[in-house]
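No lab work stands behind these numbers, since they all come straight from the coordinates. Just so it is clear, the structure is predicted and the values come from calculations on it, not from any experiment. When we count neighbours, we look across all protein chains shown, and the Cβ atoms used for this are built from the backbone with ideal geometry, even at glycine.
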Amino acid sequence: MRNAKEAMADGGHLRIEVSRSGDGQVCLALADSGPGIAPENLANIFEPFFSTKAKGTGLGLALVQQIVSEHGGRIEVDCPPGGGTRFTILLPAAKSLAPGAETGPAPGTGSALAGT
Ligand SMILES: Nc1ncnc2c1ncn2[C@@H]1O[C@H](COP(=O)(O)OP(=O)(O)OP(=O)(O)O)[C@@H](O)[C@H]1O
Ligand SMILES: [Mg+2]
């Protein structure tokens, strides 16, 4: 989101979509209406310290990719022909618990506050 804001200094739109795919993944897509990413830079944007900004560290996307990867997901980037940039983060969805299947203590039976 910060990259999108920086790419649209003169204004624009950021569309955020959250959906659940059929194969058990959660999809978070961020599509901005900025200038897009030059083809020669696309392969480098996840590299640590790669930046096209005067004061950029080039660590933003590298860190995001690492965090997403450590959660078992992946991040993809796409620059559509119409302009703009779209990042898609795919993460494994949490397994939903059946009613009554919670693993924690039942309400009122926890011991942490016993006697207080
Ligand atoms: N939404 C975007 N639109 C256009 N270019 C982008 C976008 N997001 C990333 N980039 C390109 O990817 C490069 C790397 O992004 P990254 O977030 O890793 O570092 P940075 O933004 O340059 O620095 P920092 O995150 O430390 O401020 C950017 O310098 C820019 O060239
Ligand atoms: Mg950044």
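Which of the lysines could be linked to Lys5 by a straight reach, that is with a Cα gap under 30 Å, when you skip same-chain ones fewer than 8 residues away?
Those lysines meeting the cut-off are Lys53, Lys55.
Compute the projected area of the convex hull of the Cα atoms of region 2-92, averaged over all viewing directions, and report it in nm² to one decimal place.
That works out to 6.3 nm².
What is the order of Asp78, Asp23, Asp32, Asp10, fewest Cβ neighbours within 10 Å to most?
Asp10, Asp23, Asp78, Asp32
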